[in-house]
Amino acid sequence: DYDTDLGFKELGEKMHEMNQRNAEIDMMKEMENYRKEYIGNVSHELKTPLFSIQGYIETLRDGGVEDLTIRDKYLQRIDSSVERLLNIVKDLDMINRYESGQIDLKYSIFDINLLIQEIFDLLEMEAEKHLMTMQLQTTQSQLFVFADKQRISQVLINLISNSIKYANREEAQIIVSTREGTKSIHISVEDNGMGIKPENLPRIFERFFRVESSRSRKEGGSGLGLAIVKHILEAHKQTISVESAYLSGTKFKFKLGKPAVNGKKNKTNATA
Ligand code: ADP
C-alpha cells in the first residue's frame, strides 16, 4: 500500500513537471514565432526603400546621369528613400527602448496650448500641401501639464501628421481640443478624414499595422507612429482611446497630469 502511494505521488510530481515543461515550450514557441514575424516585418519595411534606391541608381547608370533634369529628379528620390530608411530605423530604435524600459521621462511643467501652437507652426507646410486647416479649441488660454515635453510633442506630431496623411476631402480639418478636468488635462485630436473601419480599429496601435499599406508608405509611414504614441503615454501612466467613423473622421483622446498645487506630489522645488 505504502509503496503504491509513493508511486502515485511521484507520478503526480512527474506529470506536474511535464506540464510545466510543456507550458515553457509553448511559450518559447510563441516567442520564436513573434520574433520571426517581427524580423519579417522589419526586413520588409527596409526592403521597399532599398529596392527603390537600387532602381534609381540603375536608371542613373543607364544614361540618366547625362540628363540634368533626370539626374536631379532621381537624386532627390534617392535622398527621400534614404530619409525614409533613417526614419524607420529611428522609430525601431525608439520602440526597442520603450519595450525594454530604457526610457527615462524628463518631467516638467509646461503650457500644452503653447506646445500645440508650436506644433501647428511646424506642420503648417505639410497641412497646406493637403489643403488642411488646423485649429485649437480650448477652455482657457493657458493649460499647464506635468509631463515630458519632448515626448508629448512626439505624440501630438504623430497624431496630427496622421490626420494630415489620412485626409480625404477638400475642406479637411483637424481640431485639437484641450480642457481641464478635475484630476487631469484632457486632450483630443479630431479629423474629418477617411476614418478607420471598426474591424481595424483595435489593431491600429500594433507595430507595423496599417489599414492600407500602399497609401501609408506613399506618405512616408512606417506603421510605427501609433505604437510609439501608445508607449509614450504608457510611460506617463496614461492611456489613449480612439473613436472613428469610416469615411467621416477619427478622434483620439488622452489625458495628462496637472502640475500639483503647492505641498502635494509632483512638487519640483523642494525646500530643505
Ligand atoms: P503609419 O506610419 O502607417 O501612419 P501609424 O502607426 O501612425 O502608422 O498608424 C497605423 C494605421 O492606422 C495607419 O496606417 C492608418 O491606416 C491608420 N490611421 C492612423 N491615424 C489615422 C487617422 N487619423 N485617420 C485614418 N486612419 C488612420
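Pick from the range 196-219 the residues that are of a type outside the set (S, T, N, Q) and part of a helix (DSSP H, G or I): which of them is nearest to residue 247 (Cα to Cα)?
This residue is 201.
Any idea which of 102, 76, 20 is assigned to a helix (DSSP H, G or I) and more than 22 Å from residue 220 (Cβ to Cβ)? Can you show your working first?
Details: 102 fails: assigned to a helix (DSSP H, G or I); 76 fails: more than 22 Å from residue 220 (Cβ to Cβ).
On inspection, the qualifying residue turns out to be 20.
Can you name the residue in the range 213-235 that is touching a Phe, Trp or Tyr at 6+ places or on another chain (Cβ under 9 Å) and over 18 Å from residue 160 (Cα atoms) and, of all such residues, is farthest from the ligand (Cβ to nearest atom)?
235
Give me the pairs: first residue in the range 205-222 and within 20 Å of residue 252 (Cβ to Cβ) and among the small types (Gly, Ala, Ser), second residue in a loop (DSSP other than H, G, I, E, B) and within 6 Å of the ligand (Cβ to nearest atom), beta-carbon distance under 6 Å, and six or more apart or on different chains, which are they?
Every condition considered, the pairs that remain are 216/210.
With the checklist (1) of a type in the set (Ser, Thr, Tyr); (2) loosely packed, with under 13 Cβ neighbours inside 10 Å; (3) not in a strand (DSSP E or B) in hand, flag the one item residue 222 doesn't pass.
(2)
Any idea which residue in the range 162-201 is nearest to the ligand (Cβ to nearest atom), counting only those that are modelled with pLDDT under 95 and among the hydroxyl-bearing types (Ser, Thr, Tyr)?
Here the residue is 166.
Tally the residues that are in contact with a strand residue (DSSP E or B) (Cβ under 8 Å, 6 or more places away or on another chain) and in a helix (DSSP H, G or I), restricting the search to the range 143-161. Talk me through it step by step, then tell me what you get.
Quick first cut of the range 143-161, residues in contact with a strand residue (DSSP E or B) (Cβ under 8 Å, 6 or more places away or on another chain) only: 143-149, 152, 155-156, 159-160.
Retained after the next criterion (residues that are in a helix (DSSP H, G or I)): 149, 152, 155-156, 159-160.
Total satisfying the criteria: 6.
Of everything in the range 170-190 that's without any contact (Cβ under 8 Å) to a residue 60 or more places away in the chain and either of a type in the set (Val, Ile, Thr) or part of a strand (DSSP E or B) (or both), which residue is farthest from residue 109 (Cα to Cα)?
173
Quick one: in the range 228-253, which of the residues that are in a strand (DSSP E or B) and out of contact with any helix residue (DSSP H, G or I) (no Cβ under 7 Å at 6 or more places or on another chain) is nearest to residue 106 (Cα to Cα)?
Here the residue is 253.
Could you grab me the full set of residues in the range 205-219 that are over 25 Å from residue 257 (Cα atoms) and buried (at least 16 other Cβ atoms within 10 Å of the Cβ)?
Those that are over 25 Å from residue 257 (Cα atoms) and buried (at least 16 other Cβ atoms within 10 Å of the Cβ): 207, 208, 209, 210, 211, 216, 217.
Would you confirm, using the coordinates I've provided, whether residue 55 is surrounded by 12 or more Cβ atoms within 10 Å (Cβ to Cβ) and either without any contact (Cβ under 8 Å) to a residue 40 or more places away in the chain or touching a Lys or Arg at 6+ places or on another chain (Cβ under 6 Å) (or both)?
Yes, satisfied.
The values are calculated or read from the model by the stated rules, or taken from the named source; none is laboratory data. Small disclaimer: the values here were computed from a predicted structure and weren't measured. Glycine gets a Cβ as well: all are built from the backbone with ideal geometry, and neighbour counts include every protein chain shown.
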